[in-house]
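Before any comments, here is the structure.
The values are calculated or read from the model by the stated rules, or taken from the named source; none is laboratory data. Keep in mind that this is a model prediction, so the values were computed, not measured. When we count neighbours, we look across all protein chains shown, and the Cβ atoms used for this are built from the backbone with ideal geometry, even at glycine.
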């Protein structure tokens, strides 16, 4: 009798061991298949879909979800990506934020087989269709990067400790792969964005004049150096039918792509006004109205717009809130061209004034953006208008292009190793006869 019970006991032990080994083999098979399925992909959505499907099959669960999270210094944890797979056509469950908070605090598996009575989540309202769930952390370098959750073991059974252990292994094995895919996708998006910015910079550079006006008795030059790949400064020379030329320099508020778009809009608006051959005052008034209607309240443009008559040697201009250009006469007298009005696009209807000045031989007219005068050195000293005027006076006997080079070099030398903070633009007009 004793020997029979011993045999039966030994058989039970063997059966339990066989069952354990069988489950271990099945788990290894699940993990091996999963590793092969997701190891060569860089598509985070595909990877997460595969992880959830294999988890549902292994757990015998109805529905699963992966929630990727991120921590930012200025805000609490937020959901970045939420991928769900269901084994049936039932409604998708909503991932409970209480689970996310619990997982962030504890960073360990969580098994709930009766949500409504679970003391850890007293007062939490669960969806009625949820009768069980397993929730495990996805951790990379000790940081919670995501949460893998499966809901409702089939046939209303309860999840087991073995289920919890296997799902935790799946999450641990998958976390780094998902994170790598996410980082790869971010890198690809960054590369794509850089390509788009480079294209925008190319388009913007083509909007600026490629050649300068070649007018008898005048030397005209201009240059723009954006602080970023694209910028908000621009200058332009446009020939008019009667032999006159419009000359303008604008500075759009802001930097980067938004400023470059407004810059292109401003340039197109001004060119359309130039084609009408209207006086500067009228051109600026119309441009102001058009820009106000197409621009947000937080954007504005400072602009100097002039019309040069090379036959009468006159410059008619309107200054819309821009830095007052320098006009240095042959005898050394300095005049600032300030007549005009408010910056563009602030008010839909705004009154502007214009002025006409005569240009004599060896007079030099210098337009610039505040990126020149506000160029900062490591001691936080600006280049300033006095230094700019000093350079103009020192080099005004040189050619227009040499004077422009000298201004740019002086501003750059002043800044030294300090990075350029704003777009730098200069236009020089010199009468040489």
Checklist entry - What number of residues within region 410-433 satisfy the criterion of being crowded, with 16+ Cβ neighbours inside 10 Å and in a loop (DSSP other than H, G, I, E, B)? => result 3
Checklist entry - What residue, of 374, 418, is under 37 Å from the mean Cα position of the chain (by Cα) and closer than 17 Å to residue 324 by Cα? => result 374
Checklist entry - In this structure, does residue 279 turn out to be at negative phi and without any contact (Cβ under 8 Å) to a residue 12 or more places away in the chain? => result no
Next on the checklist: Of the conditions (1) closer than 26 Å to residue 373 by Cα; (2) touching a strand residue (DSSP E or B) at 6+ places or on another chain (Cβ under 8 Å); (3) free of Cβ contacts under 8 Å to residues at least 60 places away in the same chain, residue 175 satisfies every one except a single condition; which number is it?
Outcome noted: (1)
Checklist entry - Do we have residue 342 as out of contact with any helix residue (DSSP H, G or I) (no Cβ under 9 Å at 6 or more places or on another chain), free of Cβ contacts under 8 Å to residues at least 60 places away in the same chain and over 26 Å from residue 407 (Cβ atoms) here? => result no
Checklist outcome for this item: Reported set for region 382-409 where residues are out of contact with any helix residue (DSSP H, G or I) (no Cβ under 8 Å at 6 or more places or on another chain) and either in a strand (DSSP E or B) or farther than 20 Å from residue 234 by Cα (or both) is 386, 389, 390, 393, 397, 399
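Suppose the filter is buried (at least 16 other Cβ atoms within 10 Å of the Cβ), outside any helix (DSSP H, G or I) and assigned by TED's automatic domain parsing to the domain that holds residue 231; does residue 302 pass it? Explain how you work it out, then say what you get.
Numbers: buried (at least 16 other Cβ atoms within 10 Å of the Cβ): yes; outside any helix (DSSP H, G or I): yes; assigned by TED's automatic domain parsing to the domain that holds residue 231: yes.
For residue 302, the condition - buried (at least 16 other Cβ atoms within 10 Å of the Cβ), outside any helix (DSSP H, G or I) and assigned by TED's automatic domain parsing to the domain that holds residue 231 - is met.
For the structure I just gave you, tell me whether residue 267 is closer than 16 Å to residue 231 by Cα and modelled with pLDDT of 85 or more.
On the way: closer than 16 Å to residue 231 by Cα: yes; modelled with pLDDT of 85 or more: yes.
Taking the combined requirement at face value, the residue satisfies it.
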